[in-house]
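What follows is a single structure, written as structure tokens, with notes after it.
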Number of protein chains: 2
Amino acid sequence: MPVNLVPTRAEDLLPVKGVALGVAEAGIKKAKRRDLLVMRLAEGASVAGVFTQNRFCAAPVILCREQFAGGKPARALVVNTGNANAGTGEDGLGRARKSCSELAALLACDSSQILPFSTGVIMEPLPVERIVAALPRALADCREDNWANAAEAIMTTDTVPKACSRQLTLGGKTVTVTGMAKGAGMIHPGMATMLGFVATDAAVSQVALQHMLAEATARSFNRITVDGDTSTNDSFILIATGAAGAQKITDERHPDYARLAAAVGEVAVWLAQAIIRDGEGATKFITVEVQGGKSEEECGKVAYAIAHSPLVKTAFFASDPNLGRLLCAIGYAGIPDLDVGRVKLYLGDVLVATEGGRNPAYREEDGQRVMQQSEITVRVELARGAAQTTVWTCDLSHDYVSINADYRS
Amino acid sequence: MPVNLVPTRAEDLLPVKGVALGVAEAGIKKAKRRDLLVMRLAEGASVAGVFTQNRFCAAPVILCREQFAGGKPARALVVNTGNANAGTGEDGLGRARKSCSELAALLACDSSQILPFSTGVIMEPLPVERIVAALPRALADCREDNWANAAEAIMTTDTVPKACSRQLTLGGKTVTVTGMAKGAGMIHPGMATMLGFVATDAAVSQVALQHMLAEATARSFNRITVDGDTSTNDSFILIATGAAGAQKITDERHPDYARLAAAVGEVAVWLAQAIIRDGEGATKFITVEVQGGKSEEECGKVAYAIAHSPLVKTAFFASDPNLGRLLCAIGYAGIPDLDVGRVKLYLGDVLVATEGGRNPAYREEDGQRVMQQSEITVRVELARGAAQTTVWTCDLSHDYVSINADYRS
């Protein structure tokens, strides 16, 4: 059960003019499962993308990078679940190219105008013939009010579809931002096992859109961790169709940039947090705030030392205020000149540790009270500078082990 | 149940001349548990130590470092389980000092000649009065053939005591090396949550002994990981009493140095591997060998990316050859210019991946056969240099979560 995550109702997912979505059952891993998604983009849409840094990146990631570098405007995205097409070498590249060329033929565009995405098991050959066979059905299903089915089609170990919408007015025109994402495990900063697609019918130049995407990623998908594993397939795509008729945002100094960027950021943060709330086996949603660092980088080291520690995460699962494990993680985070005598550790509103040890006024029942909540904030004050950062994670439960031990079966 | 770890029988733990060990029930955390150990050293013994790099290091670690810096020869070690005396600030230092001064009074030596060690729960005040009250009983119990009881007294979540002995002849004199260690979770390179004590009755100068200790640590305790957490209390101590009457080893060019160092290294590797075999919840012992790197450091990055990955570790637990997770970990290990097309991945004797993807000759049943073994070797060939490294780890099971969720209760 995801932690305090109420899936957005289908009727609250707002269509984005110029983006039509269609799903189909391709039978990639399981029968009778809609596992194929096509997103058609209106002519003139801008597309921006960020991708995994994993050296064993998946074949579709390689193709997406090629196609971004090639420069022809994208006309469609093709997404499958059930198979990651990663760790598949030259053969995998060939199969990814095949799905692009077949879809391009159906759409009468160039193969380089198709962006492919895959998620699922690694190192198995992609059953591309099944994808090709299902493409016409996915195309026939394409419509703008189909985000709910699309969000469901891209799920793997996710227990609920993740999607949300925002609307704003730019120069008198109503503009919509709708996004969806999948991911539940293999979630790490530097991107999660995750696919994310956010679209708006605002008009944004490719350069400004890429900038907006980078900003949104930095404060959303790059701030979450479930298990510290960086996947081979992570991709986050931002699309701007321009179909709402608002004035084009040409660069980040444009007067409308900040408001649109805020809405895109909200959608991205909602999706990133939804991934953590639905983290494999998660029973708690943990916010780790680190303040008073010399740099954002060192704040991140401390935040991730806490967020990655299996000992800390099992203590959260057990609702056990075994807070020494938090101090321990701060201590090994890799700040060699950290003065532990100045560090303050808060659990929720409770000052737990100060002056290198337990706060004399700390009472176990106060820690216990916070630990029993399903939303917990850990705050660390380093008292050595003005930088800060926030990351989100979940606890480590029996179900994480069960889900990942049984994943392929 | 530890993985293929047969505890050494008490009669096979050989006394080291000049080291007397005594245990007592101090009631630190639980009643009727021998939780206090005193080791008395013959006059003239050399002692070397390495300690955790955690900035929140425990009070006893701070005192040990002070006492090594102070230079007066150590006459005794005092070790307690049940409480780590870490994250306890100035008050914790006072309590550690108290246990040293009380033992020093009983032994008529200086307080700075006592080395203290603690292991157990973090951020709780050390019940030092109980330790002080039990010291006379521990001293009364001191004898050279007491290693088995000593190894049991230092356990925390360990399921079996860990100790072993080696003997060799140096210049016609029989020399003994006996060691013990504790640790099962919070185990990480850069030292484990672990206390290790190895003693020999060979004669070794302090400088040569420290060198021998550093070498042994690098190939034993610094090559293991259970959960990636670096503890506040890690300490590894090497003692040389000189009581066997062999010629003194003055430096590492001495003809006897290499043979003694080899025996010490064997004991340290045995203990380090025993810690992994008894890793919290472990059902498999995993050796990760990385070869063909440009440097030992980059080999270590790949080895630890594999050894720390919860996804890899749960796949081992499930005996599931979900080998894409191994490729994925190699890919995010942090070698930016890694040519994945040249990487080879072996599971036991089975070539799993080559040329960026699955070996065409690989068959699932071959991977399955290796995965079902309780001792598994993963071998990665990077094909970019001549460096190599080996690390040892275990799988991640339901019991790891149970043990760490319930630890304090």
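The values are calculated or read from the model by the stated rules, or taken from the named source; none is laboratory data. All values reported here derive from a predicted model rather than from experimental measurement. Every residue, glycine among them, receives a Cβ derived from its backbone with ideal geometry; neighbour counts consider all protein chains shown.
Data table
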item	result
Only one of A:PRO310, A:PRO321 that is at the interface with chain B (Cβ under 10 Å from one of its Cβ atoms), closer than 25 Å to B:ASP234 by Cβ, touching a residue at least 40 places away in the same chain (Cβ under 8 Å) and under 22 Å from the mean Cα position of the chain (by Cα)	A:PRO310
Residues (under 15 Å from B:THR88 (Cβ atoms), more than 31 Å from the chain's Cα centre (by Cα) and of a type in the set (D, E, K, R)) located in region A:324-357	A:GLU355
A:THR225 within 30 Å of A:GLY92 (Cα to Cα) and of a type outside the set (Phe, Trp, Tyr)	yes
Tally of residues being in contact (Cβ under 8 Å) with a residue 60 or more places away in the chain and either under 30 Å from A:LYS301 (Cβ atoms) or in contact with an Asp or Glu (Cβ under 6 Å, 6 or more places away or on another chain) (or both) across region B:28-76	15
Members of region A:22-66 found to be surrounded by 23 or more Cβ atoms within 10 Å (Cβ to Cβ) and polar (S, T, N, Q), listed by number	A:SER46, A:THR52, A:ASN54
Number of the condition not met by B:THR52 [criteria: (1) modelled with pLDDT of 95 or more; (2) under 18 Å from the mean Cα position of the chain (by Cα); (3) β-branched (Val, Ile, Thr)]	(1)
Flag for B:TYR346 being surrounded by 23 or more Cβ atoms within 10 Å (Cβ to Cβ) and among the aromatic types (Phe, Trp, Tyr)	no
Criterion (in contact with a strand residue (DSSP E or B) (Cβ under 7 Å, 6 or more places away or on another chain) and within 14 Å of another protein chain (Cβ to nearest Cβ)) met by exactly one of B:ALA104, B:ALA138, B:ALA84, B:ALA45	B:ALA84
Residue check for A:GLY279: small (Gly, Ala, Ser) and closer than 19 Å to A:ASN4 by Cβ	yes
Test: A:LEU107 is touching a residue at least 60 places away in the same chain (Cβ under 8 Å) and in contact with a Lys or Arg (Cβ under 8 Å, 6 or more places away or on another chain)	yes
Residue ID - nearest to the other protein chains (Cβ to nearest Cβ), chosen from residues in region B:275-302 that are acidic (Asp, Glu) and part of a helix (DSSP H, G or I)	B:GLU298
The listed residue being of a type outside the set (Ser, Thr, Tyr), in contact with a helix residue (DSSP H, G or I) (Cβ under 6 Å, 6 or more places away or on another chain) and buried (at least 19 other Cβ atoms within 10 Å of the Cβ), out of B:ALA163, B:ALA138	B:ALA163
Candidate set from region A:369-409 (those that are part of a strand (DSSP E or B) and within 14 Å of chain B (Cβ to nearest Cβ)); member that is farthest from B:PHE317 (Cα to Cα)	A:VAL380
Matching entry among A:LEU338, A:LEU347, A:LEU351 (being within 8 Å of chain B (Cβ to nearest Cβ) and either in contact (Cβ under 8 Å) with a residue 24 or more places away in the chain or more than 30 Å from B:PRO321 (Cα to Cα) (or both))	A:LEU338
Out of A:ALA216, A:ALA272, A:ALA305, A:ALA244, sole residue that is touching a Lys or Arg at 6+ places or on another chain (Cβ under 9 Å), buried (at least 24 other Cβ atoms within 10 Å of the Cβ), not in a strand (DSSP E or B) and not basic (Lys, Arg)	A:ALA272
A:ILE330 within 8 Å of another protein chain (Cβ to nearest Cβ), assigned to a helix (DSSP H, G or I) and not aromatic (Phe, Trp, Tyr)	yes
Residue in region A:216-229 that is hydrophobic (A, V, I, L, M, F, W, C) and touching a Cys at 6+ places or on another chain (Cβ under 8 Å) present	yes
Residue list for region A:354-368, restricted to those being of a type in the set (Gly, Ala, Ser), at the interface with another protein chain (Cβ under 9 Å from one of its Cβ atoms) and assigned to a loop (DSSP other than H, G, I, E, B)	A:GLY356
Subset tally (residues that are assigned to a loop (DSSP other than H, G, I, E, B) and more than 14 Å from chain A (Cβ to nearest Cβ)) for region B:141-158	8
Region A:115-134, residues that are touching a Ser or Thr at 6+ places or on another chain (Cβ under 8 Å), aliphatic (A, V, I, L, M) and more than 14 Å from chain B (Cβ to nearest Cβ)	A:VAL128, A:ILE131, A:VAL132
Residue within region B:304-314 that is of a type in the set (D, E, K, R) and at pLDDT 90 or above present	no
Failed condition for A:LEU209, given (1) touching a Gly at 6+ places or on another chain (Cβ under 8 Å); (2) over 30 Å from B:GLY279 (Cβ atoms); (3) surrounded by 20 or more Cβ atoms within 10 Å (Cβ to Cβ)	(1)
